[in-house]
Amino acid sequence: MADPTNIAPALKAFERDIGDFIELDANPRRGDLDAIAKSLAKFGQRYPIVERDGVIIAGNHRLQAARDLGWQRIAVVGADDLTEEEAYAFAATDNRTGDLGDYDEGLLAAFLQRVDTDLLDFTGYTATDLDDILFVAGIGTEDGPGVGLGVSMRDAAEGWNEAGTRTFVLTFPLDEYRALDEALVGLRTQLGLDTNSLVFAHLVAEAAAEYE
């Protein structure tokens, strides 16, 4: 069987055997390996992972996803100039800096509209995600908040509150979220409702009626 490794030409000089590396011990970050694997399979590896003494300190989930895809090689840059303490600090920084960012929902909506629908699945966004983002940005809907460009999700939530609405934030484990996301797509079609919020309201109303 042909080697499925797909590394960008610009990174060829950094290729190493994938078996030469191990993941960072007790890495607290939880990655979506399926989403990463989809991206690697479609677009290839476009930037290197980082190792120190054979241990990956940035890109652990890309390493795991590449292994799952059957890759034999991967592009790596070394960081042997870091002490062990600095390497753990760098790993923590690599994980944390992504958490600290936020999105301009209007720009995100416009950005994702430039992605072909056939490619959306490789971005980590679902069609339902896109619908919700467009709703927040007020694009293609008459009843969305219509926050437009230059507004984050946090600011959008405040705008909803000012408009006489309130926002629920629900958190689920990844596997449960995926199952709920798929179920919501079906329920929106089945119930003829336009948004996830309307589906939740409908289901809660039905459940409450059973206990009256």
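Computed from the coordinates by the stated procedures, all read-outs in this text should not be read as laboratory data. Note that this is a predicted model, so its numbers are computed, not measured. Cβ atoms come from the backbone with ideal geometry, glycine included; neighbour counts cover every protein chain shown.
Observations
- Among the trypsin sites (Lys or Arg not before Pro) in the range 1-110, those placed in a DSSP loop whose Cβ has at most 10 other Cβ atoms within 10 Å are 30.
- Anisotropy class of the range 9-99 from Cα gyration tensor, a/c 1.5 cut: oblate
- Here the label points at residue 206 and residue 114, each 7 Å from Cα along the C-beta direction, are separated by 4.1 nm in the simple model.
- Exposure proxy order (Cβ contacts within 10 Å, fewest to most) of 39, 197: 197, 39
- With the simple spin-label model, which puts each label point 7 Å out from Cα in the Cβ direction, the residue 20 to residue 72 separation comes to 1.5 nm.
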